[in-house]
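Take a look at the structure below.
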Amino acid sequence: MTIDLEALYIDLHRHPELSFQETRTAGVIAQHLTDLGIEFEEGIGKTGVAGVIRNGDGPVVWLRADMDALPVPEQTGLEYASTARGTDPAGNDVPVMHACGHDMHVTAMLGALERLVASTDEWSGTVVVVFQPAEEYGSGAQAMIADGVLDRFPKPDIVLGQHVTPLPAGTIGVRGGTQMAASDGLTVTLLGRGGHGSRPQATIDPVVMAAATVMRLQTIVSREIDPRDVAVVTVGSIHAGLKNNIIPAEAKLELSLRYPDDEARAAVLEKVERIVRAEAQASGAEEPPVIVTDHTLPPTINDVAATTRLTAAFDTAFGEGTVIDPGMFTGSEDVSWFAREAGVPLVYWFWGGVDPEAFAKAFAAGTVEHDIPTNHSPFFAPVIQPTLSRGVDALVVAAREFLGAPAA
Ligand SMILES: [Zn+2]
Ligand SMILES: [Zn+2]
(Lines give C-alpha, C1' and ligand atoms only; values in the text may rest on other atoms or scores of the structure.)
(Ligands and ions follow the chains in the order given, each with its own letter.)
Protein backbone atom coordinates (compact mmCIF):
# COMPACT_ATOMS: atom_id res chain seq x y z
CA MET A 1 0.00 0.00 0.00
CA THR A 2 1.45 3.37 -0.97
CA ILE A 3 1.19 6.43 1.24
CA ASP A 4 -1.34 9.07 0.08
CA LEU A 5 1.15 11.93 0.47
CA GLU A 6 -1.26 14.76 -0.31
CA ALA A 7 -3.75 13.51 2.29
CA LEU A 8 -0.88 13.10 4.77
CA TYR A 9 0.29 16.68 4.14
CA ILE A 10 -3.21 18.07 4.65
CA ASP A 11 -3.61 16.04 7.85
CA LEU A 12 -0.31 17.33 9.26
CA HIS A 13 -1.17 20.88 8.18
CA ARG A 14 -4.48 20.69 10.04
CA HIS A 15 -2.77 19.39 13.19
CA PRO A 16 0.31 21.56 13.82
CA GLU A 17 2.12 21.27 17.16
CA LEU A 18 4.45 23.68 18.97
CA SER A 19 8.12 22.91 19.60
CA PHE A 20 8.80 19.90 21.88
CA GLN A 21 5.06 19.12 21.81
CA GLU A 22 5.07 17.21 18.48
CA THR A 23 3.53 14.06 19.96
CA ARG A 24 0.72 13.53 17.44
CA THR A 25 3.11 14.24 14.56
CA ALA A 26 5.62 11.76 16.01
CA GLY A 27 2.82 9.21 16.32
CA VAL A 28 1.82 9.63 12.65
CA ILE A 29 5.47 9.22 11.66
CA ALA A 30 5.87 6.12 13.86
CA GLN A 31 2.82 4.53 12.23
CA HIS A 32 4.22 5.07 8.74
CA LEU A 33 7.68 3.80 9.73
CA THR A 34 6.02 0.68 11.15
CA ASP A 35 4.05 0.20 7.91
CA LEU A 36 7.25 0.60 5.89
CA GLY A 37 9.06 -1.95 8.07
CA ILE A 38 11.64 0.62 9.19
CA GLU A 39 13.24 0.02 12.60
CA PHE A 40 12.93 3.19 14.74
CA GLU A 41 13.03 4.73 18.21
CA GLU A 42 10.72 7.41 19.60
CA GLY A 43 11.07 10.02 22.34
CA ILE A 44 14.64 11.01 21.44
CA GLY A 45 15.27 14.55 22.71
CA LYS A 46 11.72 14.53 24.11
CA THR A 47 9.62 14.11 20.93
CA GLY A 48 12.16 13.21 18.22
CA VAL A 49 11.97 10.03 16.13
CA ALA A 50 14.87 8.32 14.34
CA GLY A 51 14.87 5.23 12.13
CA VAL A 52 17.32 3.17 10.14
CA ILE A 53 17.25 1.24 6.85
CA ARG A 54 20.17 -1.22 6.78
CA ASN A 55 20.93 -2.36 3.25
CA GLY A 56 24.39 -3.90 3.22
CA ASP A 57 27.84 -2.35 3.03
CA GLY A 58 28.28 1.23 2.04
CA PRO A 59 28.06 4.80 3.27
CA VAL A 60 25.77 5.93 6.07
CA VAL A 61 23.53 8.79 4.90
CA TRP A 62 21.52 10.78 7.45
CA LEU A 63 18.33 12.47 6.24
CA ARG A 64 16.81 15.06 8.56
CA ALA A 65 13.34 16.65 8.65
CA ASP A 66 12.03 18.99 11.35
CA MET A 67 8.48 18.65 12.70
CA ASP A 68 7.44 21.69 14.74
CA ALA A 69 4.97 24.50 14.00
CA LEU A 70 4.71 28.12 15.17
CA PRO A 71 2.40 30.30 17.30
CA VAL A 72 0.97 32.06 14.22
CA PRO A 73 -2.76 32.55 13.42
CA GLU A 74 -3.27 31.03 9.96
CA GLN A 75 -4.86 33.48 7.48
CA THR A 76 -4.34 31.60 4.22
CA GLY A 77 -8.07 30.97 3.70
CA LEU A 78 -7.21 27.45 2.55
CA GLU A 79 -9.87 24.79 2.92
CA TYR A 80 -7.37 22.84 5.08
CA ALA A 81 -6.18 25.87 7.11
CA SER A 82 -5.27 25.22 10.74
CA THR A 83 -7.59 26.30 13.55
CA ALA A 84 -5.40 24.58 16.16
CA ARG A 85 -4.49 26.13 19.51
CA GLY A 86 -1.60 25.32 21.78
CA THR A 87 0.03 26.34 25.05
CA ASP A 88 3.35 28.14 24.76
CA PRO A 89 6.16 27.77 27.34
CA ALA A 90 4.88 30.83 29.25
CA GLY A 91 1.48 29.11 29.61
CA ASN A 92 -0.34 31.30 27.07
CA ASP A 93 -3.08 29.86 24.86
CA VAL A 94 -1.88 30.60 21.29
CA PRO A 95 -2.90 29.83 17.71
CA VAL A 96 -0.69 27.23 16.01
CA MET A 97 0.18 27.01 12.33
CA HIS A 98 2.69 25.18 10.15
CA ALA A 99 3.92 28.59 8.98
CA CYS A 100 7.43 27.35 8.22
CA GLY A 101 6.44 24.34 6.10
CA HIS A 102 7.79 21.63 8.40
CA ASP A 103 4.64 19.63 7.57
CA MET A 104 5.92 19.58 3.96
CA HIS A 105 9.33 18.42 5.25
CA VAL A 106 7.84 15.48 7.15
CA THR A 107 5.57 14.46 4.26
CA ALA A 108 8.34 14.62 1.65
CA MET A 109 10.62 12.61 3.94
CA LEU A 110 8.06 9.82 4.39
CA GLY A 111 7.54 9.77 0.61
CA ALA A 112 11.30 9.49 0.08
CA LEU A 113 11.61 6.67 2.64
CA GLU A 114 8.88 4.73 0.87
CA ARG A 115 10.83 5.04 -2.40
CA LEU A 116 14.13 4.05 -0.78
CA VAL A 117 12.55 1.00 0.85
CA ALA A 118 11.02 -0.02 -2.48
CA SER A 119 14.35 0.26 -4.33
CA THR A 120 16.82 -1.49 -2.00
CA ASP A 121 18.09 -3.60 -4.92
CA GLU A 122 19.34 -0.37 -6.56
CA TRP A 123 21.54 0.93 -3.73
CA SER A 124 23.61 -0.24 -0.79
CA GLY A 125 24.54 1.26 2.55
CA THR A 126 22.56 2.64 5.46
CA VAL A 127 19.95 5.38 5.63
CA VAL A 128 19.29 6.96 9.01
CA VAL A 129 16.25 9.23 9.12
CA VAL A 130 15.90 11.87 11.81
CA PHE A 131 12.57 13.58 12.54
CA GLN A 132 13.69 16.45 14.73
CA PRO A 133 11.60 18.44 17.21
CA ALA A 134 11.89 22.13 18.11
CA GLU A 135 13.88 23.55 15.21
CA GLU A 136 12.10 26.84 15.87
CA TYR A 137 13.62 26.97 19.37
CA GLY A 138 17.05 26.27 17.90
CA SER A 139 17.47 23.48 20.43
CA GLY A 140 15.85 20.32 19.02
CA ALA A 141 18.96 18.98 17.28
CA GLN A 142 21.05 19.43 20.42
CA ALA A 143 18.32 17.76 22.48
CA MET A 144 18.46 14.68 20.23
CA ILE A 145 22.27 14.64 20.36
CA ALA A 146 22.22 14.98 24.16
CA ASP A 147 19.83 12.01 24.20
CA GLY A 148 22.41 9.94 22.30
CA VAL A 149 21.01 9.83 18.75
CA LEU A 150 24.56 9.71 17.34
CA ASP A 151 25.38 6.67 19.52
CA ARG A 152 22.06 4.88 19.19
CA PHE A 153 22.21 4.89 15.36
CA PRO A 154 25.02 4.28 12.85
CA LYS A 155 27.21 7.39 12.63
CA PRO A 156 26.77 9.48 9.45
CA ASP A 157 29.22 9.88 6.59
CA ILE A 158 27.10 12.82 5.43
CA VAL A 159 24.05 14.71 6.72
CA LEU A 160 21.40 15.91 4.23
CA GLY A 161 18.29 18.03 4.70
CA GLN A 162 15.97 20.44 2.92
CA HIS A 163 13.68 23.40 3.62
CA VAL A 164 10.69 24.60 1.63
CA THR A 165 11.00 28.28 0.75
CA PRO A 166 9.37 31.06 -1.35
CA LEU A 167 11.11 30.11 -4.60
CA PRO A 168 9.08 28.92 -7.61
CA ALA A 169 7.99 25.30 -7.11
CA GLY A 170 10.38 23.05 -9.00
CA THR A 171 13.41 25.22 -8.27
CA ILE A 172 16.14 24.15 -5.87
CA GLY A 173 18.37 26.73 -4.17
CA VAL A 174 21.71 25.62 -2.79
CA ARG A 175 25.25 26.92 -2.49
CA GLY A 176 28.55 25.53 -1.28
CA GLY A 177 29.94 27.28 1.79
CA THR A 178 27.80 29.37 4.11
CA GLN A 179 24.12 28.80 3.32
CA MET A 180 22.63 30.30 6.47
CA ALA A 181 23.98 32.64 9.13
CA ALA A 182 25.16 31.83 12.62
CA SER A 183 23.16 33.49 15.36
CA ASP A 184 23.41 34.32 19.05
CA GLY A 185 20.74 35.70 21.35
CA LEU A 186 22.15 37.73 24.26
CA THR A 187 20.60 39.37 27.30
CA VAL A 188 22.59 42.31 28.65
CA THR A 189 21.80 43.69 32.11
CA LEU A 190 23.24 47.16 32.72
CA LEU A 191 23.65 47.88 36.42
CA GLY A 192 23.27 51.45 37.70
CA ARG A 193 22.17 52.95 41.01
CA GLY A 194 18.53 53.92 41.44
CA GLY A 195 17.12 57.03 43.11
CA HIS A 196 14.78 60.02 42.85
CA GLY A 197 14.20 61.44 39.40
CA SER A 198 14.83 64.95 40.75
CA ARG A 199 18.34 64.09 42.02
CA PRO A 200 20.23 62.47 39.13
CA GLN A 201 23.56 63.45 40.69
CA ALA A 202 22.93 60.83 43.41
CA THR A 203 22.30 58.02 40.90
CA ILE A 204 23.95 56.11 38.07
CA ASP A 205 21.23 56.21 35.42
CA PRO A 206 20.92 52.87 33.53
CA VAL A 207 18.43 54.42 31.07
CA VAL A 208 21.06 56.81 29.73
CA MET A 209 23.60 53.98 29.85
CA ALA A 210 21.25 51.79 27.79
CA ALA A 211 20.56 54.57 25.26
CA ALA A 212 24.27 55.21 24.73
CA THR A 213 24.94 51.47 24.48
CA VAL A 214 22.23 50.89 21.86
CA MET A 215 23.54 53.76 19.73
CA ARG A 216 27.19 52.71 20.02
CA LEU A 217 26.31 49.09 19.15
CA GLN A 218 25.10 50.35 15.75
CA THR A 219 28.67 51.37 14.92
CA ILE A 220 29.84 47.73 14.92
CA VAL A 221 28.26 47.03 11.52
CA SER A 222 28.65 50.56 10.11
CA ARG A 223 32.23 51.30 11.29
CA GLU A 224 34.00 48.10 12.32
CA ILE A 225 32.88 45.38 9.88
CA ASP A 226 34.28 45.26 6.35
CA PRO A 227 31.45 46.61 4.14
CA ARG A 228 31.83 43.52 1.93
CA ASP A 229 30.97 41.23 4.85
CA VAL A 230 27.57 40.46 6.36
CA ALA A 231 26.66 41.02 10.00
CA VAL A 232 23.50 42.01 11.86
CA VAL A 233 23.34 43.57 15.33
CA THR A 234 19.71 44.02 16.39
CA VAL A 235 18.58 45.22 19.82
CA GLY A 236 15.08 43.77 19.74
CA SER A 237 14.05 44.53 23.29
CA ILE A 238 14.88 47.23 25.86
CA HIS A 239 13.36 47.47 29.32
CA ALA A 240 14.01 49.79 32.28
CA GLY A 241 12.04 51.65 34.87
CA LEU A 242 8.43 51.88 36.00
CA LYS A 243 7.72 55.58 36.57
CA ASN A 244 8.88 59.00 35.34
CA ASN A 245 10.25 60.25 38.67
CA ILE A 246 12.22 57.15 39.64
CA ILE A 247 15.63 56.44 38.18
CA PRO A 248 15.75 52.62 38.04
CA ALA A 249 18.65 50.46 39.19
CA GLU A 250 19.06 48.46 36.00
CA ALA A 251 18.22 48.19 32.30
CA LYS A 252 17.90 45.04 30.20
CA LEU A 253 18.69 44.74 26.48
CA GLU A 254 18.03 41.70 24.29
CA LEU A 255 20.26 41.34 21.25
CA SER A 256 20.01 39.21 18.12
CA LEU A 257 23.36 38.83 16.34
CA ARG A 258 23.93 37.23 12.90
CA TYR A 259 27.12 36.43 11.00
CA PRO A 260 28.35 34.10 8.26
CA ASP A 261 31.03 32.15 10.14
CA ASP A 262 32.74 31.42 13.45
CA GLU A 263 35.48 33.97 12.80
CA ALA A 264 32.97 36.80 12.26
CA ARG A 265 31.02 35.54 15.26
CA ALA A 266 34.04 35.81 17.56
CA ALA A 267 34.82 39.29 16.19
CA VAL A 268 31.26 40.65 16.64
CA LEU A 269 30.86 39.13 20.11
CA GLU A 270 34.16 40.69 21.21
CA LYS A 271 33.04 44.12 19.91
CA VAL A 272 29.62 43.86 21.59
CA GLU A 273 31.24 42.98 24.91
CA ARG A 274 33.82 45.77 24.59
CA ILE A 275 31.16 48.41 23.87
CA VAL A 276 28.76 47.23 26.58
CA ARG A 277 31.53 47.24 29.21
CA ALA A 278 32.99 50.55 28.04
CA GLU A 279 29.63 52.35 28.04
CA ALA A 280 28.98 51.10 31.58
CA GLN A 281 32.39 52.38 32.60
CA ALA A 282 31.76 55.70 30.84
CA SER A 283 28.58 56.05 32.93
CA GLY A 284 30.52 55.42 36.12
CA ALA A 285 28.82 52.10 36.81
CA GLU A 286 30.01 50.54 40.07
CA GLU A 287 29.41 47.00 38.81
CA PRO A 288 30.16 45.59 35.36
CA PRO A 289 27.21 44.66 33.14
CA VAL A 290 26.04 41.04 33.06
CA ILE A 291 26.04 39.44 29.60
CA VAL A 292 24.20 36.12 29.20
CA THR A 293 24.02 34.03 26.00
CA ASP A 294 20.47 32.70 25.69
CA HIS A 295 21.02 30.59 22.56
CA THR A 296 23.67 29.90 19.93
CA LEU A 297 23.13 28.59 16.43
CA PRO A 298 26.16 27.70 14.30
CA PRO A 299 26.38 28.82 10.67
CA THR A 300 24.86 26.33 8.24
CA ILE A 301 27.88 25.59 6.06
CA ASN A 302 27.48 23.32 3.06
CA ASP A 303 30.46 21.14 2.23
CA VAL A 304 31.71 22.57 -1.08
CA ALA A 305 32.70 19.27 -2.76
CA ALA A 306 29.52 17.47 -1.69
CA THR A 307 27.37 20.42 -2.81
CA THR A 308 29.04 20.47 -6.25
CA ARG A 309 28.38 16.75 -6.55
CA LEU A 310 24.76 17.07 -5.45
CA THR A 311 24.10 20.06 -7.75
CA ALA A 312 25.27 17.94 -10.71
CA ALA A 313 22.98 15.10 -9.58
CA PHE A 314 20.01 17.50 -9.33
CA ASP A 315 20.79 18.92 -12.79
CA THR A 316 20.90 15.42 -14.25
CA ALA A 317 17.65 14.39 -12.55
CA PHE A 318 15.64 17.59 -13.03
CA GLY A 319 17.30 19.36 -15.97
CA GLU A 320 19.85 22.17 -16.24
CA GLY A 321 18.67 25.42 -14.65
CA THR A 322 16.71 23.74 -11.84
CA VAL A 323 19.37 24.62 -9.29
CA ILE A 324 20.07 28.25 -8.44
CA ASP A 325 22.43 29.91 -5.94
CA PRO A 326 20.04 31.66 -3.52
CA GLY A 327 22.85 33.53 -1.73
CA MET A 328 23.39 33.39 2.03
CA PHE A 329 20.26 33.62 4.17
CA THR A 330 20.53 35.69 7.37
CA GLY A 331 18.11 33.24 9.01
CA SER A 332 19.57 30.38 11.03
CA GLU A 333 19.09 26.62 11.45
CA ASP A 334 20.16 23.95 13.92
CA VAL A 335 20.52 21.10 11.38
CA SER A 336 24.28 21.48 11.24
CA TRP A 337 24.75 20.30 14.85
CA PHE A 338 24.37 16.70 13.62
CA ALA A 339 27.18 17.11 11.07
CA ARG A 340 29.36 19.20 13.37
CA GLU A 341 29.06 16.76 16.24
CA ALA A 342 29.91 13.81 13.95
CA GLY A 343 32.63 15.76 12.10
CA VAL A 344 31.14 15.01 8.66
CA PRO A 345 29.93 17.09 5.66
CA LEU A 346 26.48 18.68 5.49
CA VAL A 347 24.40 19.68 2.47
CA TYR A 348 21.22 21.62 3.26
CA TRP A 349 19.19 22.93 0.33
CA PHE A 350 16.03 24.97 -0.22
CA TRP A 351 13.23 23.96 -2.52
CA GLY A 352 10.51 26.11 -3.96
CA GLY A 353 6.89 26.07 -2.80
CA VAL A 354 5.35 28.97 -4.76
CA ASP A 355 3.09 28.55 -7.77
CA PRO A 356 5.56 29.25 -10.62
CA GLU A 357 3.05 31.45 -12.49
CA ALA A 358 2.30 33.58 -9.42
CA PHE A 359 6.03 33.91 -8.78
CA ALA A 360 6.77 34.92 -12.39
CA LYS A 361 3.99 37.53 -12.28
CA ALA A 362 5.26 39.04 -9.01
CA PHE A 363 8.82 38.94 -10.28
CA ALA A 364 7.89 40.79 -13.49
CA ALA A 365 6.03 43.42 -11.44
CA GLY A 366 8.90 43.75 -8.95
CA THR A 367 6.56 42.83 -6.09
CA VAL A 368 8.00 39.50 -4.88
CA GLU A 369 8.71 40.86 -1.37
CA HIS A 370 5.14 42.17 -1.13
CA ASP A 371 3.12 39.49 -2.92
CA ILE A 372 4.85 36.22 -2.04
CA PRO A 373 4.38 35.29 1.63
CA THR A 374 7.54 34.04 3.31
CA ASN A 375 8.06 31.44 6.00
CA HIS A 376 6.57 32.49 9.37
CA SER A 377 3.90 34.63 7.66
CA PRO A 378 0.23 33.85 8.51
CA PHE A 379 -0.26 33.69 4.71
CA PHE A 380 2.53 31.16 4.04
CA ALA A 381 0.94 28.48 1.85
CA PRO A 382 3.11 26.27 -0.35
CA VAL A 383 1.23 24.85 -3.36
CA ILE A 384 0.94 21.13 -2.68
CA GLN A 385 2.08 20.18 -6.18
CA PRO A 386 4.64 20.20 -7.65
CA THR A 387 6.22 21.14 -4.30
CA LEU A 388 5.62 17.78 -2.67
CA SER A 389 6.76 15.60 -5.55
CA ARG A 390 9.90 17.70 -6.06
CA GLY A 391 10.65 17.47 -2.32
CA VAL A 392 10.36 13.67 -2.42
CA ASP A 393 12.46 13.42 -5.59
CA ALA A 394 15.15 15.74 -4.25
CA LEU A 395 15.60 13.65 -1.10
CA VAL A 396 15.74 10.39 -3.09
CA VAL A 397 18.22 11.81 -5.63
CA ALA A 398 20.40 13.20 -2.83
CA ALA A 399 20.34 10.04 -0.73
CA ARG A 400 21.09 7.84 -3.75
CA GLU A 401 23.95 10.12 -4.82
CA PHE A 402 25.78 9.51 -1.54
CA LEU A 403 24.77 5.89 -0.97
CA GLY A 404 26.66 3.04 -2.63
CA ALA A 405 25.91 1.04 -5.75
CA PRO A 406 24.32 -2.39 -5.19
CA ALA A 407 26.72 -5.29 -4.64
CA ALA A 408 27.49 -7.00 -7.95
ZN1 LIG B 1 10.99 28.64 10.77
ZN1 LIG C 1 11.72 26.12 9.20
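The values are calculated or read from the model by the stated rules, or taken from the named source; none is laboratory data. The structure presented is a predicted model; accordingly, all values stated were derived computationally and were not measured. Virtual Cβ from ideal backbone geometry, glycine too; neighbours counted across all protein chains shown.
See the values below:
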| read-out | value |
| --- | --- |
| Members of the range 332-362 found to be in a loop (DSSP other than H, G, I, E, B), within 16 Å of ligand 1 (Cβ to nearest atom) and not aliphatic (A, V, I, L, M), listed by number | Ser332, Glu333, Asp334 |
| Positions within the range 50-80 being over 21 Å from Pro16 (Cβ atoms) and aliphatic (A, V, I, L, M), in sequence order | Ala50, Val52, Ile53, Val60, Val61, Leu63 |
| Residues of the range 352-408 classified as without any contact (Cβ under 8 Å) to a residue 60 or more places away in the chain and either of a type in the set (Asp, Glu) or not assigned by TED's automatic domain parsing to the domain that holds Pro71 (or both), total | 4 |
| Test result for Glu79, part of a loop (DSSP other than H, G, I, E, B), without any contact (Cβ under 8 Å) to a residue 40 or more places away in the chain and more than 22 Å from Ala399 (Cβ to Cβ) | yes |
| The range 111-126: number of residues that are touching a Pro at 6+ places or on another chain (Cβ under 8 Å) and either among the hydrophobic types (A, V, I, L, M, F, W, C) or closer than 28 Å to Ile384 by Cβ (or both) | 2 |
| Filter result for Val72 (more than 19 Å from Ala99 (Cα to Cα) and either part of a helix (DSSP H, G or I) or not small (Gly, Ala, Ser) (or both)) | no |
| Qualifying residue in the range 271-285 (condition: polar (S, T, N, Q) and either at pLDDT below 95 or buried (at least 17 other Cβ atoms within 10 Å of the Cβ) (or both)) | yes |
| Single unsatisfied condition, Val127 versus (1) within 16 Å of ligand 1 (Cβ to nearest atom); (2) in contact with a helix residue (DSSP H, G or I) (Cβ under 7 Å, 6 or more places away or on another chain) | (1) |
| Residue match in the range 307-326 (condition: without any contact (Cβ under 8 Å) to a residue 60 or more places away in the chain, in a loop (DSSP other than H, G, I, E, B) and either within 16 Å of ligand 2 (Cβ to nearest atom) or not assigned by TED's automatic domain parsing to the domain that holds Thr83 (or both)) | no |
| Residue in the range 355-366 that is within 24 Å of Pro16 (Cβ to Cβ) and either buried (at least 21 other Cβ atoms within 10 Å of the Cβ) or out of contact with any His (no Cβ under 9 Å at 6 or more places or on another chain) (or both) present | yes |
| Qualifying position, being under 17 Å from the mean Cα position of the chain (by Cα) and of a type in the set (Gly, Ala, Ser), among Ala134, Ala118 | Ala134 |
| Residue satisfying condition, being buried (at least 16 other Cβ atoms within 10 Å of the Cβ) and at pLDDT below 95, within set Pro298, Pro248 | Pro298 |
| Elements of type helices (runs of 4 or more DSSP H) in the range 96-208, at least 3 residues being crowded, with 18+ Cβ neighbours inside 10 Å | 102-118, 140-146 |
| Out of Gly192, Gly140, sole residue that is farther than 30 Å from Ile275 by Cα and of a type in the set (Gly, Ala, Ser) | Gly140 |
| Condition check for Thr219: closer than 20 Å to Thr187 by Cβ, hydroxyl-bearing (Ser, Thr, Tyr) and modelled with pLDDT of 95 or more | no |
| Within the range 59-81, considering residues that are among the small types (Gly, Ala, Ser) and more than 15 Å from ligand 1 (Cβ to nearest atom), the one farthest from Gly138 (Cα to Cα) | Gly77 |
| Counted residues, the range 241-293 - those being of a type outside the set (Asp, Glu) and under 30 Å from Thr178 (Cα atoms) | 21 |
| Qualifying residue in the range 252-269 (condition: in contact with a helix residue (DSSP H, G or I) (Cβ under 9 Å, 6 or more places away or on another chain) and assigned to a loop (DSSP other than H, G, I, E, B)) | no |
